[in-house]
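Below is one structure, written out as structure tokens, with a few remarks after it.
The values are calculated or read from the model by the stated rules, or taken from the named source; none is laboratory data. Computed from a prediction, not measured in an experiment: that's the story for all the values here. Here the Cβ positions follow ideal geometry from the backbone for every residue, glycine too, while neighbour counts run over all protein chains shown. Remember, those area values only see protein heavy atoms, side chains included, never the ligands or the DNA or RNA. Shrake-Rupley method; radii C 1.70, N 1.55, O 1.52, S 1.80 Å.
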Amino acid sequence: MSASAIVENVKENGIPEPNGGIALNGSNKHDLLVAELRKNVEVIDLAVGTKDSRLQSRILRQTRIIRPKLTSAALGAVVKRTLSKEESSFFSKYLFENGVAMEMDTTADKKSPDSSASMTTVPEVSAYLQLLCVAMLIDNKNLEKAVEASTELIEFVSKFKSRTMDDIGSRAFFFYARAHELTNNLAVIRPRLLTAYRTSVLRHDPTGQAMLLNLLLRNYIHYKLYDQADKLVQRTEFPETRSNNQLARFMYFDGRIKAIQLDYTDAFESLQQALRKAPQGTALGFRIIVQKFMFIVQMLTGDIPDRAAFRQQYMEKALGPYLELTKSVRVGDLSLFKDVVEKYRHVFMRDETMSLITRLRQNVIKTGLRKINASYSRISLDDICTRLGLESRERAEGVVAKAIRDEVIDAVIDYKTMSMRSKDNVNTYTTVEPANAYHSRIEFCLNIYSGAIRAMRFPDATEDEANTEARRKRLKEEQELAKTLEEDEEDLEDDF
Amino acid sequence: MGDIAGIQSMVADLTKMVDGPHPDLSKCKDLVNKVKIELVKCPEFQPGAYLDNSESNKPLILARQTYEKAAGLSILCQDIDGFYRNVALLKDFYFDYSSILPPSESETLVIALQLLLLLAENQVAKFHTELELIPEELRDNVYVRFPIELEQFLTEGSYSELLAAKDHIPEKSFAYFMNLLMETVRDEVAKSCESAFDELTYAAAQKMLNLDSVTELEQYSMDRGWILENSTIRFVKDVEGLKDDRKIEKSVFEMIDRSLHYAVELERIV
């Protein structure tokens, strides 16, 4: 039975019983979906009425779960029931059924008795349904239309000034940018994103700010405009109240910018944050790419990543090339390093890590040098030359001198005998080093603590708690919210 | 309306003058300014101009050529700020208009020169930011490869290779920036020597620092505060005792600061 036939079926019989005799498996699913969508619409309606942004964001968080199930038939059915004819003009353009635009004649839909009741809908509901429609167009690879539709959607959303539109609006921009990216046309939307960002700052809309900042950064980095991206980060402030996923994205972009500018310590910290803030269950693509950058940045700081990090679940295969790379850096073998880079060149190019990897060359030399320094108390420069595979003694001399200056090794070059003499190792525990390490750990714990305190939410003091009924309802809602928050994996997947 | 033919002949004149032997710099500068004024009059440079046909390409190409020559001219005048300005203008043509303009012959040269200058000024972070913008296929270009290799030598510490590269510049316009780079390299070498050697003979130091004469070497050593004795240079290491005192003082204060900080935080938690 085709989807359109199901619609007919539903139209004629009203809403069938969930397990009624007429419902085949397919139409059963369809009905459930329609029911779910209608419930969401109602909740949004309620959320707008009570100005409860959390309730609304809960619905939006579910978008990820709904998206794969979405059919134009179901969406069409809901649109017909909830929106008036003028409001649904958007859908008659972009909602397709078997390649033909769907007819959106709401007046003909007489079979729905409650349609008149919900005729006066808030614009948020309409925006929500349009959002789903755009998501569906993208999922169905109908990209040309998705670009058009998303443009129309953000124009629609931008018309409203109410705070209740913020969440939907920010997501609208996400799909807008996504559609353009998939059609390889990211550059043209930059002015519009910048204007939208300015507006969201003026309106004190943190959701929009976070989203738009990330979209802009992604946009710049896509074209490798690290200079612009860096300036944007420096001149803006990432909003404090934002979802973790947005923060994870932001940290990732920030890490990449810093890595390009050789600020490896900060880059490593940002990437680490990104990985921590990312949802643990899903968003595998995101976590893998962050992990890759982290390995390289870590090696650039002179550390060798932990072996266990390569064995994470589902990541082992994707991280394979990076494991080999790490091995070659660890042993300090230049020729092995060159071979690995050549072998996986295409992988590194695709991951856009290539330019960072070329910088690893000097680290390979440094680790080699460090090993030599540890094993010999005195060694001639000529021997260093052959061991590191350098061309000339002059070159080795420069390399060693530089390493000593960068405090990679603790040694002295004796010019008369042309040799490198290691200095005695000092006992680390007599220095401030342990105190520093201890300090950074304490600092980390304290930061987590204060972060947790800041993230706590408290019930409104003004709320009338005497009404037990209302209280119970609120508690239930909060539980549901907590549940969705746990499941919240949102659409981080989407970009990676 | 801009007069395309007029501009064209002016640009041709400019090219002849700048590329020719012994260019009259002040004359060239005047001409550049004149061309720039004429270019502004073209409708293609008005805001919102429609730039999508072969007709509108002409003034754009002329403008690009002008700025390329202006960049070359600023090297001749040893005007570094001016060079950066011209390159900033040129980047619009190279990157943003790449879809509507035919590629320029001088593009790689200008990019390479800019990279070299960043290197010479020791702006390594900026160097890498700019490098990211260069597409992979251009990186094998003779001009572009040159600064990329130099950067690798510099971070590795292969100073001898750097000095050798001085005689292999791929184009004569590299020379000025290359000289700037040499000074940067000399300072780098000097810093490395200070920490790596206890003492050096004159001959060795002169070779490493790439200085022409002993007098130059002596002058340079004096500037850096090295001690000269019996044709050897002794590098003044931090006098242990003195420095340690200050170090301990610093770490003591740091320790106090930290402890206070922990106390405040603990107070807040309990």
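Determine if the range A:8-16 includes at least one residue that is open to solvent by less than 40 Å² (accessible area, probe 1.4 Å), at pLDDT 70 or above and part of a helix (DSSP H, G or I). No: zero hits.
For residue B:143, the criteria (1) within 17 Å of residue B:120 (Cβ to Cβ); (2) in contact with a Ser or Thr (Cβ under 6 Å, 6 or more places away or on another chain); (3) open to solvent by less than 40 Å² (accessible area, probe 1.4 Å) hold in every case but one, which is (3). A single member of A:342, A:324, A:316, A:352 is open to solvent by 20 Å² or more (accessible area, probe 1.4 Å), within 12 Å of chain B (Cβ to nearest Cβ) and either touching a His at 6+ places or on another chain (Cβ under 8 Å) or of a type in the set (Asp, Glu) (or both), and it is A:352.
Put simply, of A:205, A:230 the only residue that is among the acidic types (Asp, Glu) and closer than 30 Å to residue B:136 by Cα is A:230. Looking across the range A:396-410, the residues that are touching a residue at least 24 places away in the same chain (Cβ under 8 Å) and within 8 Å of chain B (Cβ to nearest Cβ) come down to A:399, A:400, A:403. Each residue in the range B:166-192 was checked for being among the small types (Gly, Ala, Ser), open to solvent by less than 10 Å² (accessible area, probe 1.4 Å) and more than 8 Å from chain A (Cβ to nearest Cβ), and 1 pass. Taking every residue in the range A:283-306 that is closer than 12 Å to residue A:264 by Cβ and pairing it with any residue that is assigned to a helix (DSSP H, G or I) and among the charged types (D, E, K, R), at least 6 positions away or on another chain, the pairs with Cβ-Cβ distances below 8 Å are A:293/A:256; A:300/A:359; A:302/A:366. Is it true that residue A:350 is more than 24 Å from residue B:162 (Cβ to Cβ), of a type in the set (D, E, K, R) and within 32 Å of the chain's Cα centre (by Cα)? Yes; evaluated as a whole, the condition is true for this residue. Quickly run through the range A:129-172 and pick out the residues that are of a type in the set (D, E, K, R) and without any contact (Cβ under 8 Å) to a residue 60 or more places away in the chain. Passing the criteria: A:141, A:144, A:145, A:148, A:155, A:159, A:161. Pairing residues of the range A:469-483 that are at pLDDT 70 or above with residues that are outside any helix (DSSP H, G or I), at Cβ distances under 7 Å and at least 6 apart in sequence or on separate chains, gives no pairs at all. No other residue among A:293, A:310 is in contact with a helix residue (DSSP H, G or I) (Cβ under 7 Å, 6 or more places away or on another chain) and more than 23 Å from residue B:130 (Cβ to Cβ) apart from A:310. Comparison of B:136, B:151, B:218 shows that the only residue that is crowded, with 18+ Cβ neighbours inside 10 Å and either free of Cβ contacts under 8 Å to residues at least 40 places away in the same chain or within 11 Å of chain A (Cβ to nearest Cβ) (or both) is B:151.
Evaluation of residue A:371 against the conditions (1) open to solvent by 70 Å² or more (accessible area, probe 1.4 Å); (2) within 12 Å of chain B (Cβ to nearest Cβ); (3) within 29 Å of residue A:337 (Cβ to Cβ); (4) in contact with a helix residue (DSSP H, G or I) (Cβ under 9 Å, 6 or more places away or on another chain) shows that the sole unmet condition is (2).
Can you pull out every residue in the range A:408-423 that is of a type outside the set (A, V, I, L, M, F, W, C) and assigned to a loop (DSSP other than H, G, I, E, B)?
Within the range A:408-423, A:410, A:415, A:416, A:417, A:423 qualify.
Might you check whether a residue that is farther than 22 Å from residue B:80 by Cα, open to solvent by 40 Å² or more (accessible area, probe 1.4 Å) and more than 12 Å from chain A (Cβ to nearest Cβ) occurs anywhere in the range B:114-133? There is no residue in the range B:114-133 that is farther than 22 Å from residue B:80 by Cα, open to solvent by 40 Å² or more (accessible area, probe 1.4 Å) and more than 12 Å from chain A (Cβ to nearest Cβ).
Scanning the range A:204-218 turns up at least one residue that is at pLDDT 85 or above, surrounded by fewer than 22 Cβ atoms within 10 Å (Cβ to Cβ) and within 20 Å of residue A:354 (Cβ to Cβ).
When residue B:107 is evaluated against the numbered criteria (1) under 27 Å from residue A:402 (Cα atoms); (2) acidic (Asp, Glu); (3) touching a helix residue (DSSP H, G or I) at 6+ places or on another chain (Cβ under 9 Å); (4) more than 13 Å from chain A (Cβ to nearest Cβ), which criterion, by number, is the only one it fails? Looking at each condition in turn, residue B:107 falls short on (1). Here residue A:415 fulfils each of the conditions (1) out of contact with any Gly (no Cβ under 8 Å at 6 or more places or on another chain); (2) open to solvent by less than 40 Å² (accessible area, probe 1.4 Å); (3) farther than 18 Å from residue A:337 by Cα; (4) at the interface with chain B (Cβ under 10 Å from one of its Cβ atoms) apart from (2).
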